[in-house]
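Have a look at the structure below, then the notes.
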Amino acid sequence: MSPILFKIPLTIPYLGHFDVPIYGFGMMLVMAFVFAPWLAWWRARREGLNGDIILDVGFWIFVCGLIGARALYCIEYWGVDIHSLSDALQYWRGGIVYYGGVLGAAVGFLAFWWFHRFPIRPYVDAIAPSIALGTAFGRMGCFLNGCCYGDTCSLPWAMRFPAGSPPWADEVRNGLISQGAATSLALHPTQLYSAIDGVVLLVLLSAYYPLRRRDGEVIGVLMLAYPVTRFLIEQLRNDEPGIFLGMTISQTISVAVFAGAILYWVWLSRQPAARYVDGARVAGESSVPA
């Protein structure tokens, strides 16, 4: 864990010398902003799609997704970790909710599409692997920040977080460790589990991409797979209370997303087996038997 990766010395005339902190969480967001759109652009160009659309809509997806993720976190943790508008604006310190980001990104994507009409399904397929890549970077940011931590664990890879970190503070508050403890209890590194999950999903979606028979299948795979892995990883976390039938808010949303994904696949299976390539529809092909 390293909330601040390093500091950049800066001297401003008449104002003095400052050390500008570079936060690990913010750095991972920058990495996601750079590499995820590039991957989607590369894939779109390879498929004969308009790369400029990817770059333009990618900006709106990132900005609106970040706003949505931070907004849902502030709503959920107002009065706990967030006490003022100033706290809410300090997103680089960590504190976002993934599904809030998904909702915000969807709003940004649809708003851009409304003014620049283009075929939705081939473009969301091109973007889907980038979502997984962005998830991996984001969860590495969570690890550096110390948030989104897991429950106690005795496994060899269990991790202890230093004094002052979110899990340490939570354990002190609940009387599990003393104020003088140097580290938290040994915990599941659920942030790393989620980052690995993002990489696995990236590989899965990239492998499935050339096998798709219809536009929209790749994002459909993501809609099915992510809620399952998120639900399971959430079982190992210890930073959110249960709100419905013992499930956390993220598990509850995961169930709803998975149900929606099933309905989406039912609808998609009734669409013609065709893909949008070089500005035209072509018959869907697959290297596996139909």
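A few remarks follow.
- The separation of the stretch 79-136 from the stretch 171-192, counted between C-alpha centres, amounts to 30 Å.
- Calculated diffusion of the stretch 105-239, Stokes-Einstein form, Kirkwood radius summed over Cα pairs, 20 °C and 1.002 mPa s, µm²/s: 128 µm²/s
- Calculated over the stretch 221-265: convex hull of Cα atoms, volume per residue (Å³): 55 Å³
- Qualifying chymotrypsin sites (Phe, Trp or Tyr not before Pro) in the stretch 119-217, where qualification requires a DSSP coil assignment and no more than 12 other C-beta atoms within 10 Å, comprise TRP157.
- With the charge dipole of the stretch 70-172 set up from +1 on Lys and Arg Cβ and -1 on Asp and Glu Cβ about the Cα centre, the Cα lying farthest toward the positive end among the listed residues LEU155, ALA136, PRO166 is that of ALA136.
- Which of VAL218, ASN145, PRO241, positive extreme of dipole for the chain (C-beta unit charges): VAL218
- Computed E for VAL199/TYR14 - FRET, C-beta separation, R0 51 angstrom, nearest 0.05: 0.60
- Charges were assigned to the Cβ only: +1 to each Lys and Arg, -1 to each Asp and Glu. The resulting dipole of the chain about its Cα centre is roughly 660 debye.
- If you plug the beta carbon distance of ILE262 and LEU192 into 1/(1 + (r/R0)^6) with R0 = 35 Å, you get a FRET efficiency near 0.75.
- Under the convention that each Lys and Arg Cβ holds +1 and each Asp and Glu Cβ holds -1, the size of the dipole of the stretch 1-67 around its Cα centre is about 160 debye.
- Length released on extending from VAL30 to PHE6, taking residue separation times 0.36 nm less the Cα-Cα span: 7.1 nm
- Across the stretch 16-143, the relative contact order, built from alpha-carbon pairs under 8 Å that are at least six residues apart, equals 42 percent.
- Only one residue of ILE82, GLN251, TYR208 has its Cα farthest out toward the positive end of the dipole of the chain, where Lys and Arg carry +1 and Asp and Glu -1 on Cβ, and that residue is TYR208.
- Mean separation of Cα contacts under 8 Å, 6 or more apart, over the residue count of the chain: relative contact order %: 18 percent
- Calculated FRET efficiency for the pair ARG117/SER269, C-beta based, R₀ 22 Å, to 0.05: 0.30
- Counting only DSSP H runs of at least 4 residues, each contributing -39500 (n - 2.57), and dividing by the residue count of the chain, the helix-based mean residue ellipticity at 222 nm comes to -19500 deg cm²/dmol.
- Neighbour-count order for SER178, SER250, fewest beta carbons within 10 angstrom listed first: SER178, SER250
- Nonlocal amide H pairs with ILE4, under 5 Å, H built at 1.01 Å: GLY24
- Charged side chains reduced to their Cβ positions (Lys and Arg at +1, Asp and Glu at -1) give the stretch 51-173 a dipole of some 100 debye around its Cα centre.
- Backbone HN-Hα couplings from phi across the stretch 107-122 [Karplus 6.51/-1.76/1.60, Hz, Gly and Pro as x]: 4, x, 4, 5, 5, 5, 4, 4, 9, 9, 4, 7, x, 5, 4, x
- Along each principal axis, Cα extent of the stretch 64-179, largest first, Å: 58, 38, 17
- Antiparallel content of DSSP bridges confined to the chain, in %, to 5: 95 percent
- Integer Hz, Karplus 6.51/-1.76/1.60 couplings in order for the stretch 81-89, x for Gly and Pro: 9, 10, 10, 7, 5, 4, 4, 5, 7
- Placing a label point 7 Å from the Cα of ALA158 along the Cα-to-Cβ direction, the residues of the stretch 166-209 whose backbone N falls under 12 Å from that point are 184-189.
- Most mobile listed residue (PHE112, PHE231, PHE244) in the chain, GNM with C-alpha springs under 10 Å: PHE244
- For the chain, the fraction of C-alpha pairs farther apart than 29 angstrom is 39 percent.
Bear in mind these aren't lab numbers, they're just calculated from the coordinates by the rules spelled out. Since the structure is predicted, the reported quantities are computational estimates derived from the model, not experimental observations. When we count neighbours, we look across all protein chains shown, and the Cβ atoms used for this are built from the backbone with ideal geometry, even at glycine.
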